[in-house]
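Asker: Below are the structure tokens for one structure; questions will follow.
Only the coordinates and a few stated rules stand behind these numbers; no lab work does. Remember, predicted model here, so these are calculated numbers, not experimental data. Cβ placement follows ideal geometry from the backbone for every residue including glycine, while neighbour counts extend to all protein chains displayed.
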């Protein structure tokens, strides 16, 4: 809690200070109580904002205004209510934040003007202070909007006037003021349609109510620092971020709608529930109460049994949060694909492995279709990818010779303008991606990419699936073979041997950078060893190693 | 003049209309007592103008409007908070009701009215 809060005096001292008529110290205690209770409920008041103006955070603004007011009065303590009030109002004026803070400062300004020159405050003076506060606040606006903090102040003042006629005590008058404030806040949606649309009450009015309720709670000796047991209108129960609040071991979310028996005690209900679980919320609407709680697996039926003991259970919803969390985590693993605007050029890439997909995504691909050597995507899948993009200029990178035909057919079927860039492998696809200019025309991009794919050479390392002789190279089934730009160049017993043969074929003079994309069937350790081997033999080349995740090819190697 | 297009054709919103919305929002904003003439020329010409014209200047730009408000504010309020609120309020009303982006709102406090002597 904030530094400015002193330890509140003990009960006997409070009782002495709050004797009627109230002196300056007693008034300060009431102001402090109002501030504390408002602070306790600050987040709730903030949550009542319906439109982005004029206040972003009504609760926070009102708390800051009250803090400034209290700090000023605290530095100039006096047993005289007139002096105390003047400093309090002065502080409120200087620290007024936001629209509701400004109005609040006007209320205190009028309030304190009534106290001027008085030593103590009795019920008559409190009533006049309320009247002055109301009048001053209303003078600040030419066209007052009803259903706001002004209305609540007006209604509370009317209650004070009525209470004075009934010759009540100071605390009874405050009871009447708070009751009228409560009613008035509840009526605000009837007066201000925008509140009704949003299904909330006015936030500034609510804040003002909390200030006076805090004062009353002080008089009644009720706590000011806990709002755990707060009953909210059903519409205000916010369960959407419940998942973020999940705690270790609290795996189940239980929501129960119920109708309590006659003497329902909310505080007891909260107390018992807090033994069972966490994130407790209770809401009320049309006689139905809704309870929300997170519990551990073995306690998930306890809230139901307990609620049945105090009322009639209407409906139960139970969900395994851990499952939901896992679902969420999966969503987050989705590739960060590029967003496409209508009219821009978008790229669809066919990718054989997760690692390669991630690289494509990072290079600005707008959609990825899974597919490769032996798992060609269908024309339908490709067309679907085209149609799902919000633009009609699309480039497709098949990234495998076997997919060219499907890509061309898909391009014909689609109503959009599609350019097929015949990339035979992922490195060519990457090279093409580096040339993408989304704002450019489809033709420009196509020409530029076609140029790019010839600037990169690709090596592939895989295991022969059958014995064969191609272009003078004899291959035994199970041997490691190396391909350079799609042509078989060597067979060897080990990957290392195949790489050596491959590098001899490649024209390394013109090459600056070599990139390994390792796939299935090879461990990272093995790849690192191969990397060391290559770095040793070709120290002047840059070598990068990425996880490609592709099947069949242990390594795809890009030479640039 | 601000132009928007819809399926049927174009929508033209004249500065006068924007002024009316801005004026209402300003006058409903807490602490604003009235609008004030922006300059001596306006003081003279206000005799011939409609009420909604006084104190509000609208500048139509390519991608929105900028507004200037000239206000009389209640004495004894924190002027900065009042000015911030009225600017936000006017921006919100104009954008919400007319669909025109408000690029900026300049608030000129031309004077204070003392209605609560203390």
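Asker: Please order A:134, B:104 by the number of other Cβ within 10 Å, starting at the fewest.
Answerer: Taking fewest neighbouring Cβ atoms as first place, the list is B:104, A:134.
Asker: Work out the FRET efficiency for residue A:439 and residue A:143 from their Cβ-Cβ distance, taking R0 = 56 Å, and round it to the nearest 0.05.
Answerer: Values: r = 49 Å, r/R0 = 0.88.
Plugging the Cβ-Cβ distance into 1/(1 + (r/R0)^6) gives 0.70.
Asker: In nm, to one decimal, how far is the residue A:279 label point from the residue A:267 one, both placed 7 Å along Cα→Cβ?
Answerer: So the label points at residue A:279 and residue A:267 sit 2.8 nm apart.
Asker: Once the principal axes of the Cα atoms of region A:412-560 are found, what is the range along each, listed largest first in whole angstroms?
Answerer: 49, 36, 27
Asker: Return a whole-number percent for the relative contact order of chain A, with Cα pairs under 8 Å and 6 or more residues apart as the contact set. Walk me through the numbers before you get to the answer.
Answerer: Values: 1080 pairs, mean separation 46.2, N = 560.
The value is 8 percent.
Asker: Starting from the Cα of residue A:473, step 7 Å along the direction of its Cβ; do the same at residue A:487; then give the gap between the two resulting points in nm.
Answerer: A separation of 1.0 nm, rounded to one decimal place.
Asker: Same structure again: When N counts the residues of region B:14-113, how does its alpha-carbon radius of gyration compare numerically with 2.2 N^0.38 Å, as a ratio?
Answerer: The value comes to 1.01.
Asker: Taking every DSSP beta bridge that has both residues in region A:457-559, what percent is antiparallel when rounded to the nearest 5? Don't skip to the end; give the middle numbers.
Answerer: On the way: 24 of 30 bridges.
About 80 percent, rounded to the nearest 5.
Asker: Is the shape of region B:78-118 rounded, prolate or oblate, going by the alpha carbon gyration tensor and its root eigenvalues a ≥ b ≥ c, with a/c under 1.5 for rounded and a/b larger than b/c for prolate?
Answerer: prolate
Asker: If a/c stays under 1.5 just call it rounded; otherwise compare a/b with b/c (prolate if a/b is bigger, oblate if not). Do that for region A:510-560, with a ≥ b ≥ c from the square roots of the Cα gyration tensor eigenvalues.
Answerer: Oblate.
Asker: Quick one: angle between helix A:170-191 and the longest Cα principal axis of chain A, in degrees between 0 and 90, rounded to 10, please.
Answerer: Approximately 40 degrees, to the nearest ten.
Asker: Above 27 angstrom, tally the Cα pairs of region A:5-155 and express them as a % of all pairs, no decimals.
Answerer: Numbers: 2325 of 11325 pairs.
Percentage above 27 Å: 21.
Asker: If you rank A:108, A:37 by fewest surrounding Cβ atoms within 10 Å, what's the result?
Answerer: Listed from fewest to most nearby Cβ atoms, that is A:37, A:108.
Asker: Taking the beta-carbon count within 10 Å as an exposure proxy, list A:433, A:62, A:215 from fewest neighbours to most. Walk me through the numbers on the way to the answer.
Answerer: Values: A:433 22, A:62 32, A:215 25.
Ascending Cβ contact count within 10 Å gives the list A:433, A:215, A:62.
Asker: Rounded to the nearest 10 degrees, what's the angle between the helix A:321-332 long axis and the longest principal axis of chain A, both from Cα atoms, 0 to 90?
Answerer: Computed tilt is about 50 degrees.
Asker: Turning to a different aspect of this structure: Any chance you could give the angle, 0 to 90 degrees and rounded to 10, that helix A:149-165 forms with the longest Cα principal axis of chain A?
Answerer: Tilt of helix A:149-165: around 20 degrees.
Asker: Report the paramagnetic label zone for residue A:190: residues of region A:283-312 whose backbone N is under 19 Å from a point 7 Å from Cα along the Cα-to-Cβ axis.
Answerer: Inside the label zone: A:285-287.
Asker: Now a separate question. Between residue A:529 and residue A:509, what is the label-point separation in nm under the 7 Å Cα-to-beta-carbon projection?
Answerer: 3.4 nm
Asker: Give me the mean projected area, in nm² to one decimal, of the convex hull enclosing the Cα positions of region A:66-185.
Answerer: 7.2 nm²
Asker: Calculate, axis by axis, the spread of Cα positions in the protein assembly as shown along the three principal axes, and write the results as whole Å, longest axis first.
Answerer: 114, 75, 49
Asker: Looking at the protein assembly as shown, what % of its DSSP beta bridges pair antiparallel, to the nearest 5?
Answerer: DSSP beta bridges in the protein assembly as shown are roughly 65 percent antiparallel.
Asker: By the gyration tensor of its Cα atoms, with a ≥ b ≥ c the square roots of the eigenvalues, what is the shape of region A:335-453: rounded for a/c under 1.5, prolate for a/b over b/c, or oblate?
Answerer: Working: a/c = 1.28, a/b = 1.13, b/c = 1.14.
The shape class here is rounded.
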